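Just below is one structure, and these are the notes that go with it.
The values are calculated or read from the model by the stated rules, or taken from the named source; none is laboratory data. What you see is a predicted model, and the numbers here were worked out from it, not measured in a lab. Cβ atoms come from the backbone with ideal geometry, glycine included; neighbour counts cover every protein chain shown.
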Amino acid sequence: MSGGGNTLTSMGGSGCGGGSSGSGGGTSGGGGGGPCGACKFLRRKCVPGCIFAPYFDSEQGSAYFAAVHKVFGASNISKLLLHIPVHRRSDAVVTICYEAQARIRDPIYGCVAHIFALQQQVVNLQAEASYVQAHLASLELPQPPPPPRPQSQPQLLFLTPPPLSITDLPASVSPLPSTYDLASTFDHAASPSSWATQQRRFVDPRHQYGRSLPSSSATLGLGGGNSDLEALAHELLHRQGSPPPTATDDSPSRTKSR
Amino acid sequence: MNPKRCAACRYLRRRCPKDCVFSPYFPPNNPEKFACVHRIYGAGNVSKMLQQLPVQTRAEAVESLCFEATCRIEDPVYGCAGMISLLQTQIQKTESFLARTQAEITVAQIKHSQNQHSEFM
């Protein structure tokens, strides 16, 4: 394996199953190692330079690619990866796998359910933070203790977000912070089904907390190289549970690209 | 050209049947919505996904698909994961703030009780 890019190594089924014979430039293909997981699923010859080979190994990669193929389609993912720099493709594949698995598990909301749950958690924490802040202010000043819920909130650090629905989801997303740890990205704060019992209110965090993010995501501190991505892969698999169900109904038995 | 074609059929340049699976969710006045979804998922995949869902849940599914597609177009590498990261970061910061504030409350309460005790003495 060359060091041309960050590749996910297979860790007993973790992550998307990185290629064991891939360079970051995707210049490897079937070779002596057999077809990659994607080509195995598509039942086609894995050519040298297969764009999927570095990211979907022949062991676990097929299962992950099945999910990706079912949700996005192989050609769409191929086009997407072609527009991404080689050294960023492994991260893209991981997030694509995550979204595909989330969509299969929750066909209605996909990973947006997770976003809703996190947003609700943020709202709850902010309410609690404003309350304890008011309580502290009352303790530090020689005044009567505040009411159980402060009537006015003079020193709020966070604004109470307006209630929104899924139809108010933003049309644009700001770039990532300068340090981005993929390993913590898929930390499910709540089970995907728990939010369904709550009122769905989604607030664009960028509107609430300001655009304090850098203008470019090119300076992401992935550091660690393979170790961070391996941790992510392990985290992804651990939190998603067992590998995704095989999409047998999507097996392209008639798709044979020779 | 039928001016009443949904945005999907207009984009795909085809006739819009009466039972078009897209038409309730992709009105002709918002062509970007379907373009976004089509670019990431493809019309066929979206159609299959919608057909597998109960009718009453399809609107929400379309909105979530649009959101994910938009995120992916804006950030081809991380997509929705960027939003998740932002929220998790905010949660961590808020939890830290809560812990600090609660510690300060504890200190303030101890000081207050000590002052009261010394006044009593």
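Among what's in region A:70-87 and is without any contact (Cβ under 8 Å) to a residue 12 or more places away in the chain and facing chain B (nearest Cβ under 7 Å), pick the residue that is nearest to B:A81 (Cα to Cα). Restricting to residues being without any contact (Cβ under 8 Å) to a residue 12 or more places away in the chain and facing chain B (nearest Cβ under 7 Å), the top hit is A:I84.
Does at least one position in region B:16-31 carry a residue that is aromatic (F, W, Y), assigned to a helix (DSSP H, G or I) and either away from chain A (no Cβ under 11 Å) or without any contact (Cβ under 8 Å) to a residue 60 or more places away in the chain (or both)? Before the answer, list the steps.
Restricting attention to region B:16-31, the residues satisfying the condition of being aromatic (F, W, Y) are B:22, B:25-26.
Checking which are assigned to a helix (DSSP H, G or I) leaves us with none.
Within region B:16-31 (the criterion being aromatic (F, W, Y), assigned to a helix (DSSP H, G or I) and either away from chain A (no Cβ under 11 Å) or without any contact (Cβ under 8 Å) to a residue 60 or more places away in the chain (or both)), the answer is no, since none of the residues qualifies.
All of (1) acidic (D, E); (2) crowded, with 19+ Cβ neighbours inside 10 Å; (3) modelled with pLDDT under 95 hold for B:D19 with one exception: (2). Looking across A:S138, A:S78, one residue alone is surrounded by fewer than 19 Cβ atoms within 10 Å (Cβ to Cβ), at pLDDT 95 or above, assigned to a helix (DSSP H, G or I) and out of contact with any Cys (no Cβ under 7 Å at 6 or more places or on another chain). It is A:S78. Is it the case that B:Q102 is surrounded by fewer than 22 Cβ atoms within 10 Å (Cβ to Cβ) and at pLDDT 95 or above? No. For region B:40-59, the set of residues classified as more than 7 Å from chain A (Cβ to nearest Cβ) and of a type in the set (V, I, T) consists of B:V46, B:V55, listed by residue number. Every test in (1) surrounded by fewer than 21 Cβ atoms within 10 Å (Cβ to Cβ); (2) over 20 Å from A:A113 (Cβ atoms); (3) of a type outside the set (F, W, Y) is passed by B:A59 save one, and that test is (2).
Please go through region A:44-64 and pick out each residue that is part of a loop (DSSP other than H, G, I, E, B), of a type in the set (S, T, N, Q) and in contact with a helix residue (DSSP H, G or I) (Cβ under 6 Å, 6 or more places away or on another chain). Selection gives A:S58 alone.
Based on this model, can you work out whether A:A67 counts as in a helix (DSSP H, G or I), closer than 25 Å to B:E63 by Cα and either more than 8 Å from chain B (Cβ to nearest Cβ) or in contact (Cβ under 8 Å) with a residue 40 or more places away in the chain (or both)?
Details: in a helix (DSSP H, G or I): yes; closer than 25 Å to B:E63 by Cα: yes; either more than 8 Å from chain B (Cβ to nearest Cβ) or in contact (Cβ under 8 Å) with a residue 40 or more places away in the chain (or both): yes.
It is true that A:A67 is in a helix (DSSP H, G or I), closer than 25 Å to B:E63 by Cα and either more than 8 Å from chain B (Cβ to nearest Cβ) or in contact (Cβ under 8 Å) with a residue 40 or more places away in the chain (or both).
Going through (1) within 20 Å of A:Q101 (Cβ to Cβ); (2) under 20 Å from the mean Cα position of the chain (by Cα); (3) not small (G, A, S) one by one, B:K48 falls short only on (2).
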